[in-house]
1. Looking at the stretch A:237-286, which of the residues that are over 22 Å from the mean Cα position of the chain (by Cα) and of a type in the set (Val, Ile, Thr) is surrounded by the fewest Cβ atoms within 10 Å (Cβ to Cβ)?
2. From the list A:PHE163, A:PHE156, which residue is farther than 17 Å from A:PHE126 by Cβ, touching a Leu at 6+ places or on another chain (Cβ under 6 Å) and not basic (Lys, Arg)?
3. Which of the strands (runs of 3 or more DSSP E) contained wholly in the stretch B:22-135 include at least 1 residues that are of a type in the set (A, V, I, L, M, F, W, C) and within 14 Å of chain A (Cβ to nearest Cβ)?
4. Mind listing whichever residues of the stretch A:177-202 are part of a strand (DSSP E or B) and either polar (S, T, N, Q) or out of contact with any strand residue (DSSP E or B) (no Cβ under 8 Å at 6 or more places or on another chain) (or both)?
5. Looking only at the stretch A:182-224, how many residues end up being closer than 18 Å to A:PHE156 by Cα, touching a residue at least 60 places away in the same chain (Cβ under 8 Å) and surrounded by fewer than 16 Cβ atoms within 10 Å (Cβ to Cβ)?
6. Please go through the stretch A:41-64 and pick out each residue that is free of Cβ contacts under 8 Å to residues at least 60 places away in the same chain, closer than 30 Å to B:GLN86 by Cα and touching a Ser or Thr at 6+ places or on another chain (Cβ under 6 Å).
7. Just for strands (runs of 3 or more DSSP E) wholly inside the stretch A:75-140: which have at least 1 residues that are under 18 Å from the mean Cα position of the chain (by Cα), within 21 Å of A:LEU61 (Cα to Cα) and among the polar types (S, T, N, Q)?
8. I need the full set of residues from the stretch A:153-166 which are modelled with pLDDT of 95 or more and not β-branched (Val, Ile, Thr), in order please.
Amino acid sequence: MFHRFFILLILCSVLSAENSYQLGEGVQIDELPIFVGGYISTDYRYKDEEHRFRVDDIALLSYGNYKALSYMAEVEFKEFYVLTQDKDSTHTEQDNKLYIERLYLDYAFSDALIGRAGKYNTPIGFWNLLPINILRDTSSNPITNELLYPKFTTGFGMEYNSFDEGEFKLDLMLQHNDSLDNDYNNYEIDAHYGLGLSYEYDSYLIKLNTGYFHKINILEDDFAYALLSGKYEDDMYKLMGEFGSQYSKEKSDFIYSGYLQGLYHFNDKHAGILRLEYLNNTDSIDDNIAVFAYTYRPLYAIALKSEYQLHSKDDSDQFIFSFSVLF
Amino acid sequence: MKYLFFLLLLGTIVLKAQNYLLIAHKDVPKLSENQIKAIFLKKMKSKEGVHFIPVNLGAKDSTRRAFESKYINVSLQRLKSYWAKQHYLGHRPPHSLKSQKAVIAFITKVAGSIGYIQESALKNSDIQIIFRWSE
């Protein structure tokens, strides 16, 4: 019920919004400090003689602020329509449930210190803060960012930010309760304590994250993780790499994973990407992946991406093409 | 003849050079070029107790292009990418004002405000000039 009311509210708001709209920037509701936007993502994948077409994300978001208080609300249809076809059969699936992707309140204690309560994207590494197709370099995420830590945290957060000639940031993540709308979090958790430190100077950014979480689905387990991330970016090139590890208390084993990625802008609209990924696990699901990708953005807020993944693991090579829009 | 042509060309370029000013309310402290970039990207929010309020001109304004080229110093596409990501994170770009006159009026009145204009537009001396540059 809340979901439907939220969509209705956003649609009414958009209809009465300002005329000078530019794609990818959202719209302001009259003169109110309230903004709305959203995104869609569709993709096609060919893997192991199977074709899959998905309308993956249809999402609406709204945010705004009043004095020191601000909010973010985002709801999303996930895998709204999925069609798979192999040699013998064709299947279609639809998920009409509207998920709460993010829902939080921020309070700015000062210009440097912000407190947060609610469900938010765990601010770890480079990919999880911007986890939607349109904002990513490639259609897929590096496996490092799918495995090591919970993608969402429901609880409290704190961000301390200081800028002199470079930007220093400290993030704290605290969850000691059940998660909000946990259906497609990569881990179902009831505890997460995380710490992040980052420093950005000119074109360089370095980041370190570490934390602990408690998984409650399937096999209950406690995990500790650490991730080191580095990036250089200018108008032509982007070079980035992340290397991390996760320790499972129950299994007493470690996962190690990392990647190196280079991106080259042929011009404003075209970019080529090469990513080399590595995964090592004592459960013997090791994989080495090479991703060759090409992205075309007629406007920044519209992306057509293709990629081919070569895996050392059998029958895992795949081709992905995606279309995504931010509005 | 060649030198004469060169001098004429140089003279034309000098005559056509446009002077710009980075201006701020009187209470804004001394800033480096790096800090100005950070203020307009909304990464740096205050210094010495002064809360900054950066103001832009319209997206297609030539003075804004000159400012972004000099101080933000990233391609237009990269800047769009930055603000698209900030939109997803719930942050907005600086507010845009319609004219240089509006920028001057705003900065005269509002503490912590900072913006840019063409030098020829400045009639009011009750604001602080932080940097002057030519193009």
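The values are calculated or read from the model by the stated rules, or taken from the named source; none is laboratory data. Given the structure is predicted, the values throughout are model-derived calculations rather than measurements. In this analysis, Cβ positions are derived from the backbone assuming ideal geometry, glycine residues included, and neighbour counts consider all displayed protein chains.
1. If we take residues in the stretch A:237-286 being over 22 Å from the mean Cα position of the chain (by Cα) and of a type in the set (Val, Ile, Thr), then A:ILE285 is surrounded by the fewest Cβ atoms within 10 Å (Cβ to Cβ).
2. None of the other options fit; the residue is A:PHE156.
3. Strands (runs of 3 or more DSSP E) meeting the threshold: B:53-56.
4. A:SER198
5. Summing the residues that are closer than 18 Å to A:PHE156 by Cα, touching a residue at least 60 places away in the same chain (Cβ under 8 Å) and surrounded by fewer than 16 Cβ atoms within 10 Å (Cβ to Cβ) in the stretch A:182-224 gives 0.
6. A:VAL55 - this is the single residue of the stretch A:41-64 that is free of Cβ contacts under 8 Å to residues at least 60 places away in the same chain, closer than 30 Å to B:GLN86 by Cα and touching a Ser or Thr at 6+ places or on another chain (Cβ under 6 Å).
7. A:113-121
8. A:GLY155, A:PHE156, A:GLY157, A:MET158, A:GLU159, A:TYR160
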